[in-house]
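What follows is a single structure, written as structure tokens, with notes after it.
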Amino acid sequence: MTMNVPPTTVDVTTARAMIASDAGVLVVDVRTAAEFETAHIDGAINLPLDQVDVHLRRIVADAGGRLLLICQSGNRADKARQRLCEAGLPDTVVLSGGMNSWIASGAPVIRGRRKWSLERQVRLVAGGLVLTSIVADLWLPGARFAGALIGAGLVFASVTDTCAMGMLLSRLPYNRGRADAAEALACIAEPARPRA
């Protein structure tokens, strides 16, 4: 007996076809507002991952069509898809490779003011903390252990596919931008979404 299980990810070609052929598909970008402002897909709404958690029940109750979830690389969008499916909204898919694959394929994007992605910010902060701890160890013996702690945190983040540092950085004003959860939630509740 074979079950017809819907895919959880789609490639750029399939995503573009979904968007073009079905006005009910809503592109939900779960990156930070700053990442969204840098580059996003035309017609996408921005609902950062932490807001998905906050408004999970309302999203599930109001979703009027299929959701295509997007982030920078696919990890945050997959987390959002898992939470939405567990809450009762199984008709969600993730763009495989996220905006990285969308842009690499030459698909059209709306560009705004360039800001650093959350992943890049994590690399900067983690690397800076490790470097600082090693240099500080010259004057403060034992400071290098702070670098070891950061390294252990990065290993843990990789193994568990979570990132506490990324979650903290996403709360900074730089990453908050102009995300409007109320506007995004109103778009999710629309029964039909006409495309320009």
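The values are calculated or read from the model by the stated rules, or taken from the named source; none is laboratory data. Note that the structure is a prediction, hence the values are computed from the model and not measured. Virtual Cβ from ideal backbone geometry, glycine too; neighbours counted across all protein chains shown. Please note that ligands, DNA and RNA were not included when accessible areas were found on the heavy atoms of the full protein model with its side chains. Shrake-Rupley method; radii C 1.70, N 1.55, O 1.52, S 1.80 Å.
Within the range 136-148, the set of residues being part of a helix (DSSP H, G or I) and surrounded by 13 or more Cβ atoms within 10 Å (Cβ to Cβ) comprises 136, 144, 146, 147.
Go through 159, 122 for me and flag whichever is closer than 19 Å to residue 74 by Cα, hydrophobic (A, V, I, L, M, F, W, C), open to solvent by 90 Å² or more (accessible area, probe 1.4 Å) and part of a helix (DSSP H, G or I). Give the steps one after another, and end with the answer.
Numbers: 122 fails: open to solvent by 90 Å² or more (accessible area, probe 1.4 Å).
It is 159.
Being of a type in the set (Gly, Ala, Ser) and more than 21 Å from residue 167 (Cβ to Cβ) is a description that applies to residue 20. Can you tell me which residue is farthest from residue 10 (Cα to Cα) among those in the range 100-119 that are surrounded by 13 or more Cβ atoms within 10 Å (Cβ to Cβ) and in contact with a strand residue (DSSP E or B) (Cβ under 6 Å, 6 or more places away or on another chain)? Once the filter is applied, the top-ranked residue is 110.
For the range 23-34, a tally of residues being touching a Cys at 6+ places or on another chain (Cβ under 8 Å) and either outside any strand (DSSP E or B) or not hydrophobic (A, V, I, L, M, F, W, C) (or both) returns 3. Within the range 65-88, the set of residues being within 14 Å of residue 47 (Cα to Cα), open to solvent by 10 Å² or more (accessible area, probe 1.4 Å) and not in a helix (DSSP H, G or I) comprises just one member, 72. Identify all residues within the range 22-42 that are open to solvent by 40 Å² or more (accessible area, probe 1.4 Å) and more than 20 Å from residue 90 (Cα to Cα); write none if there are none. Correct list: 37, 42. Just one residue in the set 154, 185, 168 is at pLDDT 70 or above, open to solvent by less than 90 Å² (accessible area, probe 1.4 Å) and either within 21 Å of residue 61 (Cα to Cα) or in a helix (DSSP H, G or I) (or both); that residue is 154.
When 91, 62 are checked against the criterion of being in contact with a Lys or Arg (Cβ under 6 Å, 6 or more places away or on another chain), surrounded by fewer than 20 Cβ atoms within 10 Å (Cβ to Cβ) and not basic (Lys, Arg), a single residue qualifies: 91. On the basis of being open to solvent by 30 Å² or more (accessible area, probe 1.4 Å) and within 20 Å of residue 172 (Cα to Cα), does residue 53 make the cut? Against the criterion (open to solvent by 30 Å² or more (accessible area, probe 1.4 Å) and within 20 Å of residue 172 (Cα to Cα)), residue 53 qualifies.
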